[in-house]
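The structure appears below as structure tokens.
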Amino acid sequence: MQTMDSFDFKGRKALVRVDLNVPLDAQFNVTDDNRTKAIVPTVKKILKDGGSVILMSHLGRPKGKVDPELSLKPVAKHLEGLLGVPVQFTTDCIGEDAQAKAAALKPGEVLLLENLRFHPEEEKGDEAFSKALSTLADVYVNDAFGTAHRAHASTTVVAKYFPDAKLFGYLISGELDSLGKVLHQPEKPLCAIVGGAKVSSKIEVLQNLLDKCDEVIIGGGMAFTFLKAQGGKVGASLVEDDHLETAKAILAAAQDKGVMLHLPTDAVVADAFADTANTDICPANAIPDGWMGLDIGPETIKNFSTAVKRAKTILWNGPMGVFEMPSFRKGTRTIAEAVADATEYGAFSLVGGGDSVAAVNQFGLADKISYVSTGGGAMLEYLEGKVLPGIAAVKE
Ligand code: AMP
């Protein structure tokens, strides 16, 4: 397969799918530039080789209609600051304006196409729309991991029009390398930390991880479905009663496969879902009626941290508690610190999923983690063992 480093972009026009789905304030300023910064290495390499770049992305959910509030135009201005070169803009991602500007693009120049999702054909993976995009360039680069699980025109279908010139940008290659280090050749022991609100959204992830991990830590709201399935009393904690059998099956599978599965033994409980609620600490399987577990307790923090620190490879998805509220943040923060410490002592750590990434950023620990993934849904599907269409389309 061609790679960014092996491919010579000299004299080539590269159509690059990036993720510029960034938050904008009322004055259309980009308020978080993690995603825009992340595309810079790929764009700069193409320009340095003497190629030109045609960037395409979606922004928000315009539902197939033109919505001026969701124009990518303000992002073009922002990119100029990051790239240090002018960024031209087309008022539509296909059609005459795009064709003319793409045709006139010279080596070293950058063009950004208007929001792909102004056309319903984008999300439908429409053939004619994909073909129209493909005629703008002669190389296709996919660098949008966050949408790689969608079989959309720009993320998947367009790739087939570049049979000899399609490759992943640096961002996707980095994601795939890191996920590969965890799922395909992990240094053992491999420990997965899975948290968040609901077990229902992570069943397939857990099932797939049980085939790979030595230890699995379950925290967050989803732990209470497991504790209840074991016969515990969980009070008013978040429970998915229709998944008690699923939880039992996961517990049984862990035992069959010899995976050490850790559940909370104590919890920070509250008498309301509020930062100002009255709180207490109690056994996680003996929570009084009317009280709910909103964070892991001190004994659990100790046990989970010990498990994390024996691992050589760590995967973390989902917070340990309602970390958005300061009263229930300690569990997530301490586990983040344990992951950072283990990394310092030589473990490889991968953190992914919107909330876990927000948590490590909030605690200022992102640069102490080996790899922080950018794709929430895409990463979960990868962890479920699924083939992502956007990845398959480039590899085919
Ligand atoms: P997810 O998107 O499934 O990873 O869930 C993340 C959300 O789970 C965060 O907003 C947390 O506040 C929430 N969460 C974590 N622990 C709990 C808990 N014990 N009870 C209720 N919500 C929780």
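What the table shows:
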{"quantity": "The range 175-383 - accessible surface per residue (Å², probe 1.4 Å)", "calculated": "40 Å²"}
{"quantity": "Solution diffusion estimate, µm²/s, Stokes-Einstein, the range 13-168, Kirkwood Rh from C-alpha pairs, 37 °C, viscosity 0.692 mPa s", "calculated": "216 µm²/s"}
{"quantity": "13 Å beta-carbon shell around THR42, net charge (K/R +1, D/E -1)", "calculated": "+1"}
{"quantity": "Per-residue SASA entry for CYS282, accessible area with 1.4 Å probe, Å² rounded to 10", "calculated": "20 Å²"}
{"quantity": "Long-range HN-HN contacts of LEU20 with modeled amide H, under 5 Å", "calculated": "HIS58"}
{"quantity": "Semi-axis lengths, Å, the chain, gyration tensor of Cα atoms, sqrt of 5 times eigenvalues", "calculated": "43, 22, 19"}
{"quantity": "Cα coordinate range in the range 149-303, projected on the principal axes (Å, largest first)", "calculated": "64, 36, 29"}
{"quantity": "Cβ-based net charge around LEU294, under 13 Å, with every Lys or Arg adding one and every Asp or Glu removing one", "calculated": "-4"}
{"quantity": "Whole-percent carbon and sulfur share, accessible surface of the range 119-236, 1.4 Å", "calculated": "48 percent"}
{"quantity": "In Hz, Karplus ³J(HN,Hα) per residue of the range 271-278 (6.51, -1.76, 1.60; θ = phi - 60°; x = Gly, Pro)", "calculated": "8, 7, 7, 7, 4, 8, 5, 6"}
{"quantity": "Expected 222 nm ellipticity per residue - DSSP helices of 4 or more, -39500 (n - 2.57), all of the chain, to 500", "calculated": "-10500 deg cm²/dmol"}
{"quantity": "Long-range HN-HN contacts of LEU112 with modeled amide H, under 5 Å", "calculated": "LEU55, GLN88, PHE89, THR90"}
{"quantity": "Under Karplus coefficients 6.51, -1.76 and 1.60, residue-wise ³J(HN,Hα) of the range 245-254 in Hz, glycine/proline x", "calculated": "5, 4, 4, 4, 5, 5, 4, 5, 5, 4"}
{"quantity": "Helix 298-310 axis, angle to the chain major axis (alpha carbon atoms, nearest 10°)", "calculated": "50 degrees"}
{"quantity": "Folded to 0 to 90 degrees: helix 40-49 orientation relative to the chain principal axis, Cα", "calculated": "30 degrees"}
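The values are calculated or read from the model by the stated rules, or taken from the named source; none is laboratory data. Note that this is a predicted model, so its numbers are computed, not measured. With ideal geometry, Cβ positions are generated from the backbone for all residues, glycine too; neighbour counts draw on all protein chains shown. To get the accessible areas, we keep the full protein, side chains included, count just its heavy atoms, and leave off ligands, DNA and RNA. Shrake-Rupley method; radii C 1.70, N 1.55, O 1.52, S 1.80 Å.
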